[in-house]
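Q: One structure coming up, written as structure tokens, with questions to follow.
Quick note: the coordinates plus some simple rules give every number you see, no bench work behind them. Owing to the predicted nature of the structure, the values given are computational and were not obtained by experimental measurement. Please note: Cβ atoms are built from the backbone with ideal geometry, for glycine as well, and neighbour counts cover all protein chains shown.
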Amino acid sequence: MTKFVPEEEFDAVTKEGFWIADFYTDHCGPCKILDVVLGQIIYDNPEINLAKCDIEKSPAYTERFGIQGTPTLYFMMDGEIKKELSGSQPRDVLEEAISQVMFGE
């Protein structure tokens, strides 16, 4: 499931289960590339939840999480940040991060 999440709803949305929080901006080229890869992963693995977090529409994200560049991904389990990746990443790197957080691999 993909959900666009304003900052004030972030905790409630990500408090249960596995989530990838994607901090992005609309004009970011690497964000658009990463969005395609994430879309493919979500399509192939519908049990993965994706929180899309636009830091221009919700600038409080940058202060709260110290986001300094986009794209930035947080891999979360039950509301706790378990892993972070910055920049556009290839599918195999993303899938490895997902496995590490979801299954402890």
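Q: For the chain, what is Rg from Cα atoms divided by 2.2 N^0.38 Å, rounded to two decimals? Mind dumping the intermediate values first?
A: Values: Rg = 12.5 Å, N = 105, 2.2 N^0.38 = 12.9 Å.
Rg over 2.2 N^0.38 Å, computed on Cα atoms: 0.97.
Q: Another question, then. Hey, in the chain, which Cys have no second cysteine's beta-carbon closer than 4.7 Å?
A: 53
Q: I've got another one for you. Run through the DSSP bridge list for the chain and note the antiparallel percent, rounded to the nearest 5.
A: Here the antiparallel bridges make up roughly 55 percent for the chain.
Q: So what is the relative contact order for the chain, in percent, with contacts set as C-alpha pairs under 8 Å and at least six apart?
A: Details: 174 pairs, mean separation 37.5, N = 105.
Value for the chain: 36 percent.
Q: Right, here's the next one. Can you classify region 6-65 as rounded, prolate or oblate using the Cα gyration tensor, where a ≥ b ≥ c are the square roots of its eigenvalues, rounded means a/c under 1.5, and otherwise it's prolate if a/b beats b/c and oblate if not?
A: Judged from the Cα gyration tensor, region 6-65 comes out oblate (a/c at least 1.5, b/c at or above a/b).
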